[in-house]
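Coordinate-derived values only; no laboratory data. Keep in mind that what you see is a predicted model, and the values were worked out from it rather than measured. In this analysis, Cβ positions are derived from the backbone assuming ideal geometry, glycine residues included, and neighbour counts consider all displayed protein chains.
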Amino acid sequence: MSKILENLFGSRLKARMLRFFLLNPERDYSVAEVAKKNMLKVSEVRKEIKNLKKIKFVNERNRKRRKFYYLNPGFIFKSELKSLVAKSNAYPQCNILKKIKSVGNVKLAVVSGVFLDCPKSKADMILAVDSVNRRKLAKLISSIEAEIGKEVRYVLMTSDELKYRVNMMDRFILDFIKGPHDKIIDKIKIKDFNF
């Protein structure tokens, strides 16, 4: 995420929560879920939700004696804020993606979907990594999801598997590459195939 939103909204906490609710309007969340998904403290989230309720950004719902919160679909600035958030999540501003190299011998990292505001993309990221450290990858993906406020749909494979799938004209890979995408890392040189 760009520091722009953090500075604009006054804090990392507020920026993450606004982004989270704007990008996940389809369901409601408990305070604990919001805190976990955004890597924030429960006490901070509880306080900020109280503020967001005051301005009618989020609504509250009670289920089984627990409180859940969801984006108010009638919030007056919803579309403007959503547009602002989508622009801030764009790949060049998402600094944490630079850490992808730390998960192993990364041969290819290509982004689309949530990073380029392409909702039709079937995945947000394709990674071809040899000797992957799955623990580091899981931690990195969690950090990215917390930063951008949305679950990242990614495909992980080895470079050999990627080459095989390209040579077999795999529909998923071809559709991903035909759509809007940006390369973060590209060490694979596949004959007659332009990544």
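Things to note:
- Comparing S121, S159, S43 in a Gaussian network model of the chain, where Cα atoms under 10 Å apart are tied by springs, the biggest mean-square fluctuation is seen for S43.
- Counting only residues at least eight positions apart within a chain, or on another chain, the lysines with an alpha carbon under 16 Å from that of K53 are K14, K67, K78.
- Principal-axis analysis of the Cα atoms of the chain puts helix 78-88 at an angle of about 40° to the longest axis.
- Calculated [θ] (222 nm, deg cm²/dmol) that DSSP helices of n ≥ 4 give over the chain, each run adding -39,500 (n - 2.57): -12500 deg cm²/dmol
- Sites Y70 and E161 - FRET efficiency at Förster radius 41 Å, r taken between beta-carbons, to 0.05: 0.55
- Just checking the listed ones, M39, M168, M125: in the Gaussian network model of the chain with Cα springs under 10 Å, the one fluctuating most is M168.
- Label-to-label distance, nm, for residues given as K122 and K56 (7 Å Cα→Cβ offset): 4.2 nm
- The lysines whose alpha-carbon is closer than 22 Å to the alpha-carbon of K107, local same-chain residues fewer than 8 away aside, are K98, K99, K122, K136, K139, K163, K178, K183, K187, K189, K191.
- Loop-located GluC sites (Glu not before Pro) in the range 101-163 (DSSP state not H, G, I, E or B) with no more than 15 neighbouring Cβ atoms inside 10 Å: E151.
- Cα gyration tensor shape of the range 102-182, rounded if a/c is under 1.5, else prolate or oblate by comparing a/b with b/c: oblate
- Mean sequence separation of contacting Cα pairs (under 8 Å, at least six apart), scaled by the length of the range 3-88, corresponds to a relative contact order of 32 percent.
- Relative contact order %, the chain, counting alpha carbon pairs below 8 Å whose residues are six or more apart: 22 percent
- Reducing the range 161-180 and the range 17-31 to their Cα centroids gives an inter-centroid distance of 33 Å.
- ³J(HN,Hα), Karplus 6.51/-1.76/1.60, whole Hz, each residue of the range 147-155, x for Gly, Pro: 5, 9, x, 8, 5, 9, 8, 10, 10
- On Cα atoms only, tilt of 42-54 relative to the major axis of the chain in degrees: 60 degrees
- Relative contact order (percent, whole number), the range 114-195, Cα cutoff 8 Å, 6+ residue spacing: 35 percent
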